[in-house]
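Before any comments, here is the structure.
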DNA sequence: TAGATTGTTAATCGATTAACAATC
DNA sequence: TAGATTGTTAATCGATTAACAATC
């Protein structure tokens with residue numbers, strides 16, 4: 001009964017296809033084949049078609065896909081055609097940078113507020129946004145129907161702040177603290193853990209003796 | 001012959017286990033079983049043991065693992081026991097935040113320089129680091145033996161800057177621009193694409209009609 | 001010794017890829 | 001029509017999980 005309908009990999013690849021289509025559309029290209037999408041996104045053509053097939057039939061046999069049309073369909077699937085109000089919690093280095101970043105709206109995410117508990121920061125402006133006290137969050141969440149929060153608080157505060165934000169009804173969290181948060185199953189959590197990215201990268205650096213070594217020293221039987 | 005020795009998933013989970021062990025060690029716990037590591041990291045105990053088994057035997061049957069010892073072994077596997085000199089390219093909002101962030105060194109990564117092409121920014125200080133012109137990069141890379149670069153440049157410049165950095169001998173790149181870069185196979189690339197995280201999250205938001213829908217409308221045969 | 005827990009093998013599960021009939 | 005390319009089924013591949021002998 002608990003059958004995973006769509007592999008998560010398919011969803012993240014959809015985002016890649018969206019990027020490809022955006023570039024092609026900007027170039028004025030009108031048609032595209034799964035082969036071409038795949039080569040841009042770094043996956044096989046059959047993977048592209050399979051991923052799309054989870055959601056419907058968007059192409060025409062022999063003809064390929066219409067660039068603008070497919071792009072719109074993928075936006076609909078991801079739910080990013082309309083702007084989503086999004087908040088940032090924590091106005092430190094990273095939170096401030098995110099609040100000032102203007103590029104999210106091109107993808108359907110509008111930063112509508114930023115919060116901090118440090119009263120020394122509250123009241124300061126980041127671009128056009130004023131840093132608000134965390135207590136002001138509940139009213140804003142319900143008024144603006146905020147579903148997504150970016151968590152850029154210190155790791156020691158992350159779990160506590162996450163609990164608070166979830167209690168206000170936020171349904172999706174991107175956590176930037178290098179800690180493993182626990183959240184209810186109906187809340188979606190994604191971790192953007194830069195330390196982990198770096199550690200993973202480090203593993204694959206040339207010279208790592210653990211890389212490529214046979215798993216269990218295939219011994220000649222003695 | 002081209003057999004993937006270690007699944008990438010195992011490497012990223014190793015980072016999670018490292019976090020768990022760091023917490024346990026801080027608490028003063030000396031022994032730990034795969035069961036406990038797994039429950040903290042959100043994976044099965046057999047997954048933990050399997051992941052570790054790619055690299056050696058680190059536990060004692062009946063006894064579990066020594067917390068400090070296993071932590072050290074994982075650090076060695078990932079290659080994060082020593083500090084790695086790391087550079088930031090692009091001193092915009094995000095790059096500046098990363099350069100000021102002091103938390104990386106706890107994970108083995110020391111930001112040693114930050115670069116920008118904008119001469120208006122060059123010369124300014126971010127914490128103790130002065131923003132340098134991109135032309136100064138080659139000497140620094142060879143002198144400091146930099147292997148890792150964080151790329152926080154506009155998407156239009158990302159590929160070009162990546163090519164340049166790679167030409168100087170950098171072997172690992174974390175790209176923050178929402179574009180798909182192409183790099184030689186001996187260079188390791190990881191993408192931290194916040195727009196993609198948000199899009200993926202958005203897909204799983206309640207109310208998405210494409211979520212959980214049967215793949216191909218199981219029709220009663222007519 | 002009896003109980004616990006590892007390391008590893010074998011079974012299961014799920015995702016990717018290849019192949020091909022459908023059809024533009 | 002012949003050529004192209006989809007959507008989908010079946011085959012392959014790889015990763016996760018269960019099971020268990022080894023052993024502390």
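Within the range B:9-29, identify whether any single residue is in contact with a helix residue (DSSP H, G or I) (Cβ under 6 Å, 6 or more places away or on another chain) and at positive phi, and answer yes or no.
No, the range B:9-29 contains no residue that is in contact with a helix residue (DSSP H, G or I) (Cβ under 6 Å, 6 or more places away or on another chain) and at positive phi.
Would you confirm, using the coordinates I've provided, whether residue B:98 is assigned to a helix (DSSP H, G or I) and within 16 Å of DNA strand D (Cβ to nearest atom)?
no
So for the range B:153-171 (the condition being in a strand (DSSP E or B), surrounded by 18 or more Cβ atoms within 10 Å (Cβ to Cβ) and at negative phi), does at least one residue qualify?
The answer is no, given that none of the residues of the range B:153-171 is in a strand (DSSP E or B), surrounded by 18 or more Cβ atoms within 10 Å (Cβ to Cβ) and at negative phi.
List every residue pair whose Cβ atoms lie under 8 Å apart, where the two residues are 6 or more positions apart in sequence or sit on different chains, the first residue falls within the range B:27-38 and is within 14 Å of chain A (Cβ to nearest Cβ), and the second residue, located anywhere, is away from DNA strand D (no atom under 15 Å from the Cβ).
Every condition considered, the pairs that remain are B:37/B:20; B:37/B:21.
Of the residues that make up the range B:109-117, is at least one assigned to a loop (DSSP other than H, G, I, E, B) and more than 30 Å from residue B:22 (Cβ to Cβ)?
Kept after step one, since they are assigned to a loop (DSSP other than H, G, I, E, B), are these residues of the range B:109-117: B:117.
Filter once more, keeping what is more than 30 Å from residue B:22 (Cβ to Cβ): B:117.
Checked the range B:109-117: at least one residue is assigned to a loop (DSSP other than H, G, I, E, B) and more than 30 Å from residue B:22 (Cβ to Cβ).
Here's the yes/no breakdown for (1) at pLDDT 95 or above; (2) farther than 27 Å from residue A:192 by Cβ; (3) over 15 Å from the mean Cα position of the chain (by Cα); (4) near DNA strand C (Cβ under 10 Å from one of its atoms):
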{"site": "A:17", "(1), (2), (3), (4)": "yes, no, no, no"}
{"site": "A:24", "(1), (2), (3), (4)": "yes, yes, yes, no"}
{"site": "A:27", "(1), (2), (3), (4)": "yes, yes, yes, no"}
{"site": "A:51", "(1), (2), (3), (4)": "yes, no, yes, yes"}
{"site": "A:58", "(1), (2), (3), (4)": "yes, yes, yes, no"}
{"site": "A:69", "(1), (2), (3), (4)": "yes, yes, yes, no"}
{"site": "A:78", "(1), (2), (3), (4)": "yes, no, no, no"}
{"site": "A:86", "(1), (2), (3), (4)": "yes, no, no, no"}
{"site": "A:96", "(1), (2), (3), (4)": "yes, no, yes, no"}
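Which is modelled with pLDDT of 90 or more, at the interface with chain A (Cβ under 7 Å from one of its Cβ atoms), within 16 Å of DNA strand D (Cβ to nearest atom) and surrounded by 14 or more Cβ atoms within 10 Å (Cβ to Cβ), of B:210, B:203?
B:210
Residue A:173 - would you say it is under 28 Å from residue B:92 (Cβ atoms), away from chain B (no Cβ under 12 Å) and touching a strand residue (DSSP E or B) at 6+ places or on another chain (Cβ under 7 Å)?
The answer is no for residue A:173.
Determine the pairs where a residue that is away from every other protein chain (no Cβ under 14 Å) and on the phi < 0 side of the Ramachandran plot, located within the range B:45-69, has a partner that is near DNA strand C (Cβ under 9 Å from one of its atoms) and part of a loop (DSSP other than H, G, I, E, B) with Cβ atoms under 8 Å apart, the partner being 6 or more residues away or on another chain.
Listed pairs, sorted by first residue: B:45/B:33; B:65/B:33; B:65/B:58; B:65/B:59; B:69/B:58.
Give the residue that is surrounded by the most Cβ atoms within 10 Å (Cβ to Cβ), with candidates limited to residues of the range A:98-107 that are within 7 Å of chain B (Cβ to nearest Cβ) and under 14 Å from the mean Cα position of the chain (by Cα).
Only one residue tops the list, namely A:107.
Residue A:83 fails exactly one of the following numbered conditions: (1) crowded, with 21+ Cβ neighbours inside 10 Å; (2) within 14 Å of chain B (Cβ to nearest Cβ). What is the number of that condition?
(1)
If you take the residues of the range B:180-193 that are at pLDDT 90 or above and at the interface with chain A (Cβ under 7 Å from one of its Cβ atoms), which of them is farthest from residue A:188 (Cα to Cα)?
If we take residues in the range B:180-193 being at pLDDT 90 or above and at the interface with chain A (Cβ under 7 Å from one of its Cβ atoms), then B:188 is farthest from residue A:188 (Cα to Cα).
Could you grab me the full set of residues in the range B:129-146 that are crowded, with 17+ Cβ neighbours inside 10 Å and out of contact with any strand residue (DSSP E or B) (no Cβ under 6 Å at 6 or more places or on another chain)?
B:141, the sole residue that qualifies.
Can you pull out every residue in the range B:120-144 that is assigned to a loop (DSSP other than H, G, I, E, B) and modelled with pLDDT under 95?
B:127, B:128 - these are the residues of the range B:120-144 that are assigned to a loop (DSSP other than H, G, I, E, B) and modelled with pLDDT under 95.
If you scan the range B:1-52, which residues turn out to be exposed (fewer than 15 other Cβ atoms within 10 Å of the Cβ), within 12 Å of DNA strand D (Cβ to nearest atom) and in a helix (DSSP H, G or I)?
The answer is B:8, B:9, B:35, B:45, B:46.
The values are calculated or read from the model by the stated rules, or taken from the named source; none is laboratory data. Since the model is a prediction, treat every value here as computed from it, not as a measurement. Cβ: placed from backbone, ideal geometry, glycine included. Neighbour counts: every protein chain shown.
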